[in-house]
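These notes are about the structure you will find just below.
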Amino acid sequence: MEVPLLEARGIGRQHREGTSWLLRDVSLAIRTGDRIALTGPTGSGKTVFLRSLAMLDAVDEGAVLWQAEPVVADEVPVYRSQGIYLTQRARLFDGTVEKNLQLPYSLAVHRHRHYSRDNIVSYLDHLGRDEQFLMLDSANLSGGETQIVALLRVIQLDPTILLLDEPTASLDEGTTQQIEELVSEWMSVVDSRRAFVWVTHDAAQADRVANRTLQLRDGQLIELESNP
Amino acid sequence: MKSYVELSALQVGAAALLILVNAAISLALRLRLERSLLIASVRTILQLLLIGLVLQWVFRVEQIIIVVALLSIMTGIAGYTAFTRSAHAYTGMLLDTMVAVWASSWFVLAFAMFAVLQGSRSWHDPQYAIPLLGMILGNTLNGITLGLAGVLDGFRSGRDQIETLLTLGATRWEAARASIQKALTTAMTPIINSMMVVGIVSLPGMMTGQLLSGVEPMETVKYQIVIMFLIASATALGSVGVVLLAYRRLFNRHHQFRYDAIRRRDERRTRE
């Protein structure tokens, strides 16, 4: 059997005071082609789990393995450039939309690559927007537009795994559909080597986007459905 | 002949009478400050007499160990004060503040004693070492406090930006840099401002003191110039030190931002 792309092996996260567990002994192997919907009641630890996968927080137990290997400290930024976490309160920086899209290329890990406006414009075409959108001030965008820019900022970097934390939680139907299409398109380009985990409260959305549905309940991960 | 008027106890008492003006104002306007004024006056007299006695003894015995002990106590109090003034804290902050205050002030003091004041009798001559360190600490404390408070505030309020950068593959330094730069600018601004206006808006305390004790104005100016540079460099070193130490604690080797490690101080300790 092929090596999982990303694997959580018995991970646990404690409450800050160390008195109780937010998450305990959770394991998950994510393979290429996996479109995983992660559901579960509020406070069940979905965000905590996703942040652990993105190595944004230290785990108190277990390990996160990238292509079957633990990621050494120095390589964490490189890992995060391939397994990208998108929070539901994605943050844009001051300046235009285009400035925000160029921002990742100023980081050491992406410095060998170049921002491509053509690439972005082709995405915008699909979304029914033109080049003018790039000149808008990020402060004047709606919640949906902000989320779309945040997603484009990530997708243009060709990540291998997307860790999406309720990316459409507060968005209208139309924008939700656009986000779903963007992710689906990114996934289908080289389907054989990509995967995503999508946290959602919406069962219908889980059906639409996923080929595996998991539920996190009381710190336990249950596989509900799998039809690859 | 002495070049200044030596004060008798009676003359000092005459100045103390001026506090009655404050008392009268407080009574007339019902400010209810009489009690505080009394305590403050008594403390002023007692504390200064006490430090006077200590200094007189230290100056007389002139032993390295005693001078170093006094310098250490002064530095320790300054470090602790910087630690208590921040509204937020993290585990290990007291040590970080102490290290920053200690390293910056003693480095600059050593430079002053060895490289600048070569005419003094020894590197630990209390006549120079103690007032110089006092002035360095008194002025750098502000910069260190501002730097620490600024960086903790920047990390807290900038959490979303910092984490957004980390998720995109930023190193911890790339993610923290904006907050660090802002905190250091804030920390350095007051000393730069006071260098801009020194001698125009007011005469610095040390210069005033030297003038009162009969030193030639041009001599006092030279000393003041030295002091300004000592303070400026100690402020820079101290605030950079404390900010970088805080950064090392709050961002671990795995490029993770330990937001939860910053906690709010309870009200009582903040006010102290």
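The values are calculated or read from the model by the stated rules, or taken from the named source; none is laboratory data. Source: prediction; values computed, not measured. Reconstructed Cβ throughout: ideal geometry from the backbone, glycine too, with neighbour counts over all protein chains shown. Side chains included, ligands, DNA and RNA excluded: accessible areas come from the protein's heavy atoms. Shrake-Rupley method; radii C 1.70, N 1.55, O 1.52, S 1.80 Å.
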Report yes if some residue within the range B:127-141 is open to solvent by less than 20 Å² (accessible area, probe 1.4 Å), closer than 30 Å to residue A:110 by Cβ and away from chain A (no Cβ under 14 Å); otherwise report no. no
Residue list for the range A:91-143, filter: open to solvent by 20 Å² or more (accessible area, probe 1.4 Å) and touching a Pro at 6+ places or on another chain (Cβ under 7 Å): A:109
Any helices (runs of 4 or more DSSP H) falling wholly within the range B:150-214 and containing at least 1 residues that are open to solvent by 20 Å² or more (accessible area, probe 1.4 Å), more than 17 Å from residue B:238 (Cβ to Cβ) and of a type in the set (Gly, Ala, Ser): B:172-197, B:205-212
Test residue B:38 against the stated conditions and say whether it is out of contact with any strand residue (DSSP E or B) (no Cβ under 8 Å at 6 or more places or on another chain) and either closer than 27 Å to residue B:208 by Cα or in the same structural domain as residue B:213 (by TED's automatic domain parsing) (or both). no
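Give A:162, A:214, A:134 a once-over and let me know the one that is in a helix (DSSP H, G or I) and of a type outside the set (Val, Ile, Thr). Don't jump to the end; show me each part of the working.
Numbers: A:162 fails: in a helix (DSSP H, G or I); A:214 fails: in a helix (DSSP H, G or I).
On inspection, the qualifying residue turns out to be A:134.
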How many residues are within 15 Å of residue A:159 (Cβ to Cβ), open to solvent by less than 40 Å² (accessible area, probe 1.4 Å) and more than 7 Å from chain B (Cβ to nearest Cβ) when one looks only at the range A:53-70? 2
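Within the range B:221-237, identify whether any single residue is within 14 Å of chain A (Cβ to nearest Cβ) and under 24 Å from residue B:94 (Cα atoms), and answer yes or no. Spell out the reasoning first.
Within the range B:221-237, the first condition is being within 14 Å of chain A (Cβ to nearest Cβ), and the residues that meet it are none.
No - not one qualifying residue is present in the range B:221-237.
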Residue pairs meeting the criteria (Cβ under 6 Å; at least 6 apart or on separate chains; first in contact (Cβ under 8 Å) with a residue 40 or more places away in the chain and within 18 Å of residue B:260 (Cα to Cα), in the range A:54-78; second open to solvent by 50 Å² or more (accessible area, probe 1.4 Å) and not in a helix (DSSP H, G or I)): A:60/A:14
Kindly indicate the residue of the range B:142-174 that is farther than 15 Å from residue A:103 by Cα and of a type in the set (S, T, N, Q) and also nearest to the other protein chains (Cβ to nearest Cβ) among those meeting that condition. B:157
Filter the range B:92-107 for residues that are part of a helix (DSSP H, G or I), in contact (Cβ under 8 Å) with a residue 40 or more places away in the chain and closer than 13 Å to residue B:248 by Cβ and give the result. B:93, B:96, B:99, B:100
Only unsatisfied item for residue A:196, checking (1) of a type in the set (Phe, Trp, Tyr); (2) surrounded by fewer than 21 Cβ atoms within 10 Å (Cβ to Cβ); (3) not in a helix (DSSP H, G or I), is (2)
Exception for residue A:146 within (1) open to solvent by 10 Å² or more (accessible area, probe 1.4 Å); (2) under 20 Å from residue A:38 (Cα atoms); (3) within 14 Å of another protein chain (Cβ to nearest Cβ) falls at (2)
In the range A:19-34, which residues are open to solvent by less than 50 Å² (accessible area, probe 1.4 Å) and touching a residue at least 40 places away in the same chain (Cβ under 8 Å)? A:23, A:26, A:28, A:30, A:32, A:33, A:34
Check the range B:40-52 and report whether any residue there is in a helix (DSSP H, G or I), farther than 28 Å from residue B:67 by Cα and open to solvent by less than 90 Å² (accessible area, probe 1.4 Å). yes
